[in-house]
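Colleague: Pasting a structure below so you can have a look.
The values are calculated or read from the model by the stated rules, or taken from the named source; none is laboratory data. Because the structure is predicted, anything quoted here is derived from the model rather than measured. Neighbour counts are summed over all protein chains in view; Cβ atoms, including those assigned to glycine, are modelled from backbone coordinates with ideal geometry.
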Amino acid sequence: MTAHTPAPQLVILLAEDEPADAHLFRLALKENHVAADVQHVVDGREALEYLRRQGLRFAAAVRPDLILLDLNLPRMDGREFLAAIKEDGELREIPVVVLSTSRAERDVVAAYRLGAAGYLAKSPDVTEFIRDIRKLTTYWGSVVRLPERQ
Amino acid sequence: MIARISRGVAARPSQIRALLAARVCQPISIALAVFVLAAALVAGLIWRQERYRLRDARGLAATLAAEQAFAMQSGLERALSATYALSAIVRQGWRSGSEDRLPAIAGLLRDFPGSTMLQLARGGVVRQVAPADGHEAAIAHDLLGDPLLGATARRARDTGQLTIAGPYAMDGGLALAGCLPIFVDEAHGQHGFWGLAIAVIAVHEIAAPVRLAELVEHGYGYEVLWSSPDSHGAQLIARSASAVGSDPVERVVPVANASLILRLAPPVGWGDVPGLLWQSLVGLLFCALLAWQAGWQTRLAATAKAHERNLERRVAQRTADLQRFAEVTAHHLQEPARRMVSYAGRLKGQLAGRLDDPEANISLDFIGQQAGRLQELLRDVELYLAADQPRGRVESCDAEQTVAALLSRLAESIGEAGARVRVGPLPRARIDAPRLGDMFRVALENALDHGRSENALCIEIDGSRSGDLVRYRVSDNGPGVEPEYRARVFRVFERLSASGEGTGIGLALLQRIAESIGGHAWIEEAPGGGCQVVLELPAGEENLAPEGRS
């Protein structure tokens, strides 16, 4: 009989400027009993600083397994952030899933062209949103294999 | 129409110019102008071409005339040289003492083609004729006294030069007679007049070898004239069947005491009438085509212009409709948003202390916040859409009064932020008061929202006038705006901080209002390192009291 090794906790970097949406995401994780480590930043520039461990605040930042990215962010928006990390040799393999209110085809296409690994349109129905987050965390946390955390 | 307007007192030069331009720019006017210009150009080209052609044609005719005239001159001189041969024979006989014996001269006719008759006249009386047959009557004829040849014979004797008489009729044609005086050495060593040597030359004999007919083949008519001192004016001695056209080419060659003249010209004149007609026809067709093309292009341009104006009208109409729709929509959406804020607040009050689940309280808070945010967004969207429309009389607006009213309205927010606001002198701007108030409100709210730092917030509002412009500055002592974001923050929904602070429309609204009245707005670094919003607007009259202010 082999010893049971618990699955390592999924580390998620959430780039979201809207506190209500960030709260809703955490609520969805809680409702789905997903024990993920959620790191929250409010714009693209702060997300880059987190990933590059810049400044005292992010000196001990944990490299995320997955980035959930809102498109409309202050200072550096989601598109600029995507372009920036896909040009960064150290960061480009971290999968980025876009979380956006927009269902416009041009936004979906633009996100994938910039290197997004997925695109999730936020549902206005909370129940549906919670279900979508369960599927999302199951897929990225259990189904697919992600690069070893550095 | 123009005359009618010119008479009218109300007609202004600009109206007349516009009417003239409208008339001149008509397709038919343009086509006519192009036709006239093109026709003038084509006429010039045809005239120039015709001039070159005429010069070449006359040059060619002059060359032909010279060739023919010289050939006739040579033939005449050859025929006349028989008289010199006769003179030599006589003088030879004189010197040998056999002057009374008449020499044989008939053989000379063979040696000097062109001479049809030779005569020797001792003392002017014909003594010998060749050929003798048929001319016996000429023997003993006194040439010096002859009414036809006498003058020429006497001139030859008196001048000692070969002299030519004629033309006169002979054997159904015209003939010339060359008279050469013969002088012999007399006993006392002096020259004495012996007599005359005569060579009669039939004109057709001279003309035949010259092939004047070739001139006719080349399309010319010709005339050969003879001019001598005894003839009054030039006498016609040969001509082509076809007439000589006007302004002929003329060649004059001297023969003894006379001149031979050859005139040459096409019977119909030098002008190439069929060619000119053909060229003119082609030219007219070309001009007409060009004029049609110009008229067509003008018509197309006018149609395109009208279409463009129509499109512009439609776009303007649709834009106005859309703007109106957006404004109305934004306005109407504010109502449910306001109600949501009201009822969320009411619900929270009613449930205060009765909810065990903290998540429920959080949700209620978010509902209230988001409804308030929606209301603010809709308010700013409505203002943004109407930013370029004055909301009152555009006049010399008292900025100090506007700012004072604004500070009074925002006193609570200023107090909450713990801010100290200092207002300096503010010159007047030319704008409606509500929009000037909006611009200062946005700048002030921007300072209140983003100017907070470790230090107490200090906001300074001042202004200055430079020529026709006023410049207002709203500065804070906060963290400021990094240079890379100073232009970007004027975009709609562009924010530099997370939600909860501002709608992202304020600065865009401010810039839109400024630009709609010919001004500008930008962000600079404040003297203390904070953010400084600068408004540059048209200046208002300082000493003019604004009208209609309540």
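Colleague: Determine which member of the set A:ARG52, A:ARG131, A:ARG45 is under 20 Å from A:GLU18 (Cα atoms), surrounded by 13 or more Cβ atoms within 10 Å (Cβ to Cβ) and free of Cβ contacts under 8 Å to residues at least 60 places away in the same chain.
Modeller: Unique residue meeting the criteria: A:ARG45.
Colleague: Does B:ALA387 meet the test of being in contact with a helix residue (DSSP H, G or I) (Cβ under 6 Å, 6 or more places away or on another chain) and in contact (Cβ under 8 Å) with a residue 60 or more places away in the chain?
Modeller: Details: in contact with a helix residue (DSSP H, G or I) (Cβ under 6 Å, 6 or more places away or on another chain): yes; in contact (Cβ under 8 Å) with a residue 60 or more places away in the chain: yes.
In short, yes.
Colleague: Condition test on A:ALA83, is it outside any helix (DSSP H, G or I) and more than 14 Å from every other protein chain (Cβ to nearest Cβ)?
Modeller: Values: outside any helix (DSSP H, G or I): no; more than 14 Å from every other protein chain (Cβ to nearest Cβ): yes.
No.
Colleague: For B:ARG488, indicate whether it is out of contact with any Cys (no Cβ under 9 Å at 6 or more places or on another chain), without any contact (Cβ under 8 Å) to a residue 12 or more places away in the chain and surrounded by 22 or more Cβ atoms within 10 Å (Cβ to Cβ). Don't jump to the end; show me each part of the working.
Modeller: Numbers: out of contact with any Cys (no Cβ under 9 Å at 6 or more places or on another chain): yes; without any contact (Cβ under 8 Å) to a residue 12 or more places away in the chain: yes; surrounded by 22 or more Cβ atoms within 10 Å (Cβ to Cβ): no.
No: the conditions fail for B:ARG488.
Colleague: Do we have any residue at all in the range B:274-282 that's more than 21 Å from B:ALA38 (Cβ to Cβ) and free of Cβ contacts under 8 Å to residues at least 40 places away in the same chain?
Modeller: If we filter the range B:274-282 for residues that are more than 21 Å from B:ALA38 (Cβ to Cβ), which is where we start, we get B:274.
Cutting the leftovers down to free of Cβ contacts under 8 Å to residues at least 40 places away in the same chain gives us B:274.
Yes, the range B:274-282 has at least one match.
Colleague: Something else now. Which one of B:ARG471, B:ARG512, B:ARG452 is assigned to a loop (DSSP other than H, G, I, E, B) and in the same structural domain as B:GLY415 (by TED's automatic domain parsing)?
Modeller: Working: B:ARG471 fails: assigned to a loop (DSSP other than H, G, I, E, B); B:ARG512 fails: assigned to a loop (DSSP other than H, G, I, E, B).
Selected residue: B:ARG452, the only one of B:ARG471, B:ARG512, B:ARG452 that is assigned to a loop (DSSP other than H, G, I, E, B) and in the same structural domain as B:GLY415 (by TED's automatic domain parsing).
Colleague: Then there's this: Can you name the residue in the range A:48-80 that is acidic (Asp, Glu) and assigned to a loop (DSSP other than H, G, I, E, B) and is also farthest from the other protein chains (Cβ to nearest Cβ) among such residues?
Modeller: The first filter runs over the range A:48-80 and keeps only residues acidic (Asp, Glu), leaving A:49, A:65, A:70, A:77, A:80.
If we keep only those that are assigned to a loop (DSSP other than H, G, I, E, B) as well, we get A:65, A:70, A:77.
Values: A:ASP65: 24, A:ASP70: 10, A:ASP77: 9 Å.
Taking the candidates together, the pick is A:ASP65.
Colleague: In the range B:184-230, what count of residues is obtained for those that are of a type in the set (A, V, I, L, M, F, W, C) and either without any contact (Cβ under 8 Å) to a residue 60 or more places away in the chain or closer than 22 Å to B:ILE89 by Cα (or both)? Before you say what the answer is, go through the steps one by one.
Modeller: As a first pass, look at the range B:184-230 and keep what is of a type in the set (A, V, I, L, M, F, W, C): B:184, B:187, B:193-194, B:196-203, B:206-208, B:210, B:212-213, B:215-216, B:224-226.
Next cut, either without any contact (Cβ under 8 Å) to a residue 60 or more places away in the chain or closer than 22 Å to B:ILE89 by Cα (or both) only: B:184, B:187, B:193-194, B:196-201, B:203, B:208, B:213, B:216, B:225.
Number of matching residues: 15.
Colleague: Search the range B:172-187 for residues being surrounded by fewer than 17 Cβ atoms within 10 Å (Cβ to Cβ) and within 18 Å of B:GLU205 (Cα to Cα), and hand back the single one that is farthest from the chain's Cα centre (by Cα).
Modeller: The selected residue is B:GLY172.
Colleague: For B:VAL394, indicate whether it is surrounded by fewer than 17 Cβ atoms within 10 Å (Cβ to Cβ), among the β-branched types (Val, Ile, Thr), at pLDDT 85 or above and over 22 Å from A:HIS23 (Cβ atoms).
Modeller: Working: surrounded by fewer than 17 Cβ atoms within 10 Å (Cβ to Cβ): yes; among the β-branched types (Val, Ile, Thr): yes; at pLDDT 85 or above: yes; over 22 Å from A:HIS23 (Cβ atoms): yes.
Spelling it out, B:VAL394 is indeed surrounded by fewer than 17 Cβ atoms within 10 Å (Cβ to Cβ), among the β-branched types (Val, Ile, Thr), at pLDDT 85 or above and over 22 Å from A:HIS23 (Cβ atoms).
Colleague: With the checklist (1) assigned to a loop (DSSP other than H, G, I, E, B); (2) buried (at least 18 other Cβ atoms within 10 Å of the Cβ) in hand, flag the one item B:GLY97 doesn't pass.
Modeller: Result: B:GLY97 fails condition (2) only.
Colleague: Can you give me the number of residues within the range A:11-41 that are free of Cβ contacts under 8 Å to residues at least 60 places away in the same chain and surrounded by fewer than 22 Cβ atoms within 10 Å (Cβ to Cβ)?
Modeller: 13
Colleague: Right, next: Taking the criterion of being over 16 Å from B:LEU86 (Cβ atoms), in a strand (DSSP E or B), out of contact with any Ser or Thr (no Cβ under 9 Å at 6 or more places or on another chain) and assigned by TED's automatic domain parsing to the domain that holds B:LEU76, would at least one residue in the range B:194-204 satisfy it?
Modeller: Of the range B:194-204, the ones over 16 Å from B:LEU86 (Cβ atoms) are B:202-204.
So of that shortlist, the ones also in a strand (DSSP E or B) come out as B:202.
Still in the list and also out of contact with any Ser or Thr (no Cβ under 9 Å at 6 or more places or on another chain): none.
Checked against the condition, which is being over 16 Å from B:LEU86 (Cβ atoms), in a strand (DSSP E or B), out of contact with any Ser or Thr (no Cβ under 9 Å at 6 or more places or on another chain) and assigned by TED's automatic domain parsing to the domain that holds B:LEU76, the range B:194-204 yields no hits at all.
Colleague: Just one of the numbered conditions (1) outside the structural domain of B:GLY519 (by TED's automatic domain parsing); (2) closer than 22 Å to B:LEU444 by Cβ is not true of B:ALA419; which one?
Modeller: Condition (1) is where B:ALA419 drops out.
Colleague: If a residue has to be closer than 17 Å to B:ILE459 by Cα and not in a loop (DSSP other than H, G, I, E, B) to count, how many in the range B:384-412 make the cut?
Modeller: Residues in the range B:384-412 being closer than 17 Å to B:ILE459 by Cα and not in a loop (DSSP other than H, G, I, E, B): 12 in total.
Colleague: Considering only the range B:149-159, I want to know if a residue exists there that is in a helix (DSSP H, G or I) and touching a Phe, Trp or Tyr at 6+ places or on another chain (Cβ under 8 Å).
Modeller: yes
Colleague: Looking at the range B:359-404 only, could you name the residues that are within 14 Å of chain A (Cβ to nearest Cβ) and either hydroxyl-bearing (Ser, Thr, Tyr) or in contact with a Phe, Trp or Tyr (Cβ under 7 Å, 6 or more places away or on another chain) (or both)? Working first, answer last.
Modeller: Of all residues in the range B:359-404, those within 14 Å of chain A (Cβ to nearest Cβ) come to B:359-374, B:377.
Of everything in the range B:359-404, just one residue is within 14 Å of chain A (Cβ to nearest Cβ) and either hydroxyl-bearing (Ser, Thr, Tyr) or in contact with a Phe, Trp or Tyr (Cβ under 7 Å, 6 or more places away or on another chain) (or both), namely B:SER363.
Colleague: Of the residues A:ALA111, A:ALA20, only one is in a helix (DSSP H, G or I) and at pLDDT 90 or above; which?
Modeller: On the way: A:ALA20 fails: at pLDDT 90 or above.
Selected residue: A:ALA111, the only one of A:ALA111, A:ALA20 that is in a helix (DSSP H, G or I) and at pLDDT 90 or above.
Colleague: Just one of A:ASP65, A:ASP77, A:ASP70 is in contact with a helix residue (DSSP H, G or I) (Cβ under 8 Å, 6 or more places away or on another chain) and over 15 Å from A:GLN39 (Cα atoms); which is it? Reasoning before the result, please.
Modeller: On the way: A:ASP65 fails: over 15 Å from A:GLN39 (Cα atoms); A:ASP70 fails: over 15 Å from A:GLN39 (Cα atoms).
Only one candidate qualifies: A:ASP77.
Colleague: Given the options B:PHE493, B:PHE440, name the one that is under 21 Å from A:LEU73 (Cβ atoms) and of a type in the set (Phe, Trp, Tyr). Show your work before the answer.
Modeller: On the way: B:PHE440 fails: under 21 Å from A:LEU73 (Cβ atoms).
None of the other options fit; the residue is B:PHE493.
Colleague: For the range B:425-449, how many residues meet the condition of being within 15 Å of B:GLN532 (Cβ to Cβ) and touching a Leu at 6+ places or on another chain (Cβ under 7 Å)?
Modeller: The number of residues fulfilling the criteria is 6.
Colleague: Quick test of your reading of the structure: A:ARG63 fulfils all but one of (1) surrounded by fewer than 19 Cβ atoms within 10 Å (Cβ to Cβ); (2) more than 16 Å from the chain's Cα centre (by Cα). Name the failing condition by number.
Modeller: The one condition A:ARG63 does not meet is (2).
Colleague: Oh, and also: Considering only the range A:24-47, how many residues are under 24 Å from A:GLU80 (Cα atoms), within 14 Å of chain B (Cβ to nearest Cβ) and either in contact with a helix residue (DSSP H, G or I) (Cβ under 6 Å, 6 or more places away or on another chain) or not in a loop (DSSP other than H, G, I, E, B) (or both)?
Modeller: Step one: filter the range A:24-47 for residues under 24 Å from A:GLU80 (Cα atoms), giving A:25, A:38-47.
So of that shortlist, the ones also within 14 Å of chain B (Cβ to nearest Cβ) come out as A:25, A:40-47.
If we keep only those that are either in contact with a helix residue (DSSP H, G or I) (Cβ under 6 Å, 6 or more places away or on another chain) or not in a loop (DSSP other than H, G, I, E, B) (or both) too, we end up with A:25, A:40-41, A:44-47.
Selection size over the range A:24-47: 7.
Colleague: Scan the range B:474-487 for residues that are assigned to a loop (DSSP other than H, G, I, E, B) and within 11 Å of chain A (Cβ to nearest Cβ) and jot them down. Break it down stepwise before answering.
Modeller: Start the filter on the range B:474-487 by keeping residues that are assigned to a loop (DSSP other than H, G, I, E, B), which leaves B:477-482, B:486-487.
Result: B:VAL481, B:GLU482.
Colleague: Right, another one. Name the single residue, out of those in the range B:100-123 being out of contact with any strand residue (DSSP E or B) (no Cβ under 6 Å at 6 or more places or on another chain) and among the small types (Gly, Ala, Ser), that is modelled with the lowest pLDDT.
Modeller: B:ALA104
Colleague: If you scan the range B:455-468, which residues turn out to be over 57 Å from the mean Cα position of the chain (by Cα) and outside any loop (DSSP other than H, G, I, E, B)?
Modeller: Filtering the range B:455-468 down to residues over 57 Å from the mean Cα position of the chain (by Cα) leaves B:455-462.
Those that are over 57 Å from the mean Cα position of the chain (by Cα) and outside any loop (DSSP other than H, G, I, E, B): B:CYS458, B:ILE459, B:GLU460, B:ILE461, B:ASP462.
Colleague: Since B:VAL200 meets every condition but one in (1) within 17 Å of B:ALA258 (Cα to Cα); (2) under 60 Å from the mean Cα position of the chain (by Cα); (3) among the hydrophobic types (A, V, I, L, M, F, W, C), which condition does it not meet?
Modeller: (2)
Colleague: Regarding the range B:488-509, can at least one residue be identified that is more than 14 Å from chain A (Cβ to nearest Cβ), more than 23 Å from B:VAL421 (Cβ to Cβ), in contact with a helix residue (DSSP H, G or I) (Cβ under 7 Å, 6 or more places away or on another chain) and in a strand (DSSP E or B)?
Modeller: No, that holds for no residue.
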